[in-house]
1. Which value, in Å³ per residue, describes the convex hull spanned by the Cα atoms of region 2-250?
2. Quick one: what are the phi-derived ³J(HN,Hα) couplings along region 138-143, Karplus 6.51/-1.76/1.60 with θ = phi - 60°, whole Hz, x for glycine and proline?
3. Work out, step by step, the length gained on full extension between Asn237 and Leu114: first 0.36 nm times the residue separation, then minus their alpha carbon distance; give nm to one decimal.
4. Would you pull out the residues with amide H under 5 Å of Leu57's amide H, same chain only if 5 or more places away, H placed 1.01 Å from N?
5. Could you tell me which residue out of Leu95, Ser219, Thr160 lies farthest along the dipole of region 81-222 toward its positive end? Charges go on the beta carbon: Lys and Arg +1, Asp and Glu -1, centred on the Cα centre.
6. Which of Tyr199, Met62, Ile74 sits closest to the plus end of the dipole of region 2-250, meaning its Cα is farthest towards the positive end, when Lys and Arg get +1 and Asp and Glu get -1 on the C-beta?
7. ³J(HN,Hα) across region 125-133 via Karplus (A = 6.51, B = -1.76, C = 1.60, θ = phi - 60°), whole Hz, x for Gly/Pro?
8. Quick one: Debye curve from the alpha-carbon atoms of region 119-253 only, equal weights, vacuum; give me log10 I(q)/I(0) at q = 0.10, 0.18 Å⁻¹ to two decimals.
Amino acid sequence: MFGVTFSYASTPVLENVTMKVDVSEILGIIGPNGAGKTTLLRCIDRILKLEKGSILLDGREMEEMSRREIAKHIGYVPQTTSGGFPTTVFDAVLLGRRPYISWGSSDRDIEKVLEALELLEIEDLALRDFNELSGGERQKVLIARALAQEPDVLLLDEPTSNLDIRHQLEVMEIIKNLVRERRISAVMAIHDLNLAARYSDRIIMLNGGSIFDAGSPTSVLTPENIKCVYGVEAKVNDDSGRPHILPIKPTQR
């Protein structure tokens with residue numbers, strides 16, 4: 001991604017964002033509300049059209065790729081939805097096979113859905129109504145749907161939002177293991193700085209739509225950066241080589 005710039009109407013949201021993500025890497029995107037995290041993911045998935053800049057996938061300009069082709073390489077996991085039309089979990093995950101289906105689902109499509117359900121350990125939910133699931137269960141279904149696409153890159157928008165601490169850790173462990181075992185990449189927008197520190201290989205800190213800092217969790221998550229970007233005084237301790245952030249108080253404006 002080079003020089004990505006995007007505005008809603010006349011309101012700038014992203015300004016000259018340049019970054020890359022490697023194979024088997026989790027790239028954490030952090031920043032306060034309104035920093036442009038979700039917009040960045042939507043630009044990568046080409047849901048939003050760039051004002052300036054370019055995004056390359058394996059050296060190929062994504063602007064030249066069809067929507068169907070992009071969906072074969074990139075799986076987008078939005079924040080947990082609040083529901084919608086009734087559908088079973090199986091059918092919700094089968095939607096991830098749409099880039100491959102012409103007329104009807106094949107044996108391979110069914111196989112990939114069952115494989116994704118098994119990986120997320122939600123086979124027992126296959127015939128349940130998606131709208132009746134808990135927040136943690138829905139989040140696993142959305143990840144399973146993205147995996148059914150057989151993507152090279154996972155885009156995750158606040159994958160732990162509205163989850164209790166157990167489900168937060170379950171979901172993050174699932175993502176970490178999938179990235180390592182399947183040799184895919186993940187770009188994850190996340191609010192929780194301690195989860196970002198624990199699970200990200202690299203971090204990009206956005207502020208006002210621009211990259212404020214980028215690098216390892218230890219180099220980015222410093223008291224100085226947190227104070228400047230979030231307006232919060234914090235202690236940062238070492239926890240087995242990863243920073244652990246303890247917020248103290250908001251700074252005076």
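1. Numbers: hull volume 34.6 nm³, N = 249.
With only Cα atoms used, region 2-250 gives 139 Å³ per residue.
2. 4, 4, 5, 5, 5, 5
3. Extra length from Asn237 to Leu114 when fully extended: 40.1 nm.
4. Met62
5. The residue sitting farthest along the positive end of the dipole is Ser219.
6. Highest projection toward the positive end goes to Met62.
7. Residue by residue, region 125-133 yields 9, 3, 9, 6, 6, 4, 5, 9, 7 Hz.
8. -0.39, -1.06
Values quoted throughout were computed directly from the atomic coordinates according to the rules given, and no laboratory measurement underlies them. Keep in mind that what you see is a predicted model, and the values were worked out from it rather than measured. Positions of Cβ are generated from backbone atoms using ideal geometry, with glycine treated the same way; all protein chains shown enter the neighbour counts.
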